[in-house]
Amino acid sequence: MTPRTGTATTSPATAKETGKAAPPARSRDRIMDAASELAKERGVSGATIARVCQRSGLPVSSVYWYFDDKDHLFAEVIRASYAKWLVSVPRWDVSTDTTIAEGLRRVMGQSTRTFAEMPAFLRIGMQVLLETGEVNAKSRAAYIDVREQVRLMISAWITQLLPDNVSGDLADDLANLVIAISDGIVVGSQVYPDFDADAYVELMAGTIDAIAASA
């Protein structure tokens, strides 16, 4: 019987039980690159294991050597894409003359310019974020985790710039606001051809700086 399109012919349970040597290390990257490309072209649901194998030129057994299932594969794509993106954007550093507004303009100004190209962790993460079932549970959890990492970095940065007598809750609230506005910038950059991300970064910087100053 011919396998249906999108199905795998080797199961995760048997992928490492054949006694064969592990595939070359580069195979993992090829699989993840293929999955990322297909998610951009067809969405996560359309990026089947069969298509990933076809695009990467690797057998199903190679996919299941490295990944438990498709959801695990996309969780790793999210983590790898986020790690690559993180080193490409400015750090949340504090100097003696740093202000919240200036820092937000510097970091978010450059970061939001990457949104138009939609790094894989954002593209895939946005697709699975609203899923509540088990189908994309691992990739959804991976995206929520990287969002939390960003939120904690922003909160820690804001905390250093607030007066000592201000509650740490304010830093958390402002970090949440930065994340929420960033989500809007991500969507806007995809919907509107003439979307001006810098204008919204400026609005965000001024608003958050004003809230912090009034605390």
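The values are calculated or read from the model by the stated rules, or taken from the named source; none is laboratory data. Computed from a predicted structure; not experimentally measured. Here the Cβ is made from the backbone with ideal geometry for all residues, glycine too, and neighbour counts use every protein chain on show.
Within region 179-215, track down each residue that is polar (S, T, N, Q), surrounded by 15 or more Cβ atoms within 10 Å (Cβ to Cβ) and under 20 Å from ALA156 (Cα atoms).
Selection gives SER182, THR207.
Inside region 40-61, can you point out the residues that are touching a Gly at 6+ places or on another chain (Cβ under 6 Å) and farther than 17 Å from VAL128 by Cα?
Looking only at region 40-61, we keep the residues that are touching a Gly at 6+ places or on another chain (Cβ under 6 Å), and these are 48, 50.
Once the filter is applied, which keeps residues that are touching a Gly at 6+ places or on another chain (Cβ under 6 Å) and farther than 17 Å from VAL128 by Cα, region 40-61 yields only ALA50.
Answer yes or no as to whether TRP65 is among the aromatic types (Phe, Trp, Tyr), surrounded by 17 or more Cβ atoms within 10 Å (Cβ to Cβ) and under 23 Å from GLN160 (Cβ atoms).
no
Out of the residues in region 1-60 that are among the hydrophobic types (A, V, I, L, M, F, W, C), modelled with pLDDT of 70 or more and in a loop (DSSP other than H, G, I, E, B), which is surrounded by the most Cβ atoms within 10 Å (Cβ to Cβ)?
Residue satisfying both the conditions and the ranking: ALA47.
Return only the number of the condition from (1) part of a helix (DSSP H, G or I); (2) of a type in the set (A, V, I, L, M, F, W, C); (3) surrounded by 14 or more Cβ atoms within 10 Å (Cβ to Cβ) that VAL135 does not satisfy.
Checking VAL135 against (1) part of a helix (DSSP H, G or I); (2) of a type in the set (A, V, I, L, M, F, W, C); (3) surrounded by 14 or more Cβ atoms within 10 Å (Cβ to Cβ), the one that fails is (1).
Filter region 108-132 down to the residues that are under 23 Å from ILE208 (Cβ atoms) and buried (at least 18 other Cβ atoms within 10 Å of the Cβ), then identify the one that is nearest to the chain's Cα centre (by Cα).
The extreme case among them is LEU122.
Within the set of pairs 6 or more residues apart or between chains, which connect a residue that is without any contact (Cβ under 8 Å) to a residue 40 or more places away in the chain inside region 109-134 to a residue that is of a type in the set (S, T, N, Q) and outside any helix (DSSP H, G or I) with Cβ atoms less than 8 Å apart?
Within 8 Å, the pairs are THR114/SER88.
Consider ALA142 carefully, then state whether it is modelled with pLDDT of 95 or more, assigned by TED's automatic domain parsing to the domain that holds THR207 and within 30 Å of MET204 (Cβ to Cβ). Even if it seems obvious, please write down each step before you answer.
Values: modelled with pLDDT of 95 or more: yes; assigned by TED's automatic domain parsing to the domain that holds THR207: yes; within 30 Å of MET204 (Cβ to Cβ): yes.
Answer is yes for this residue.
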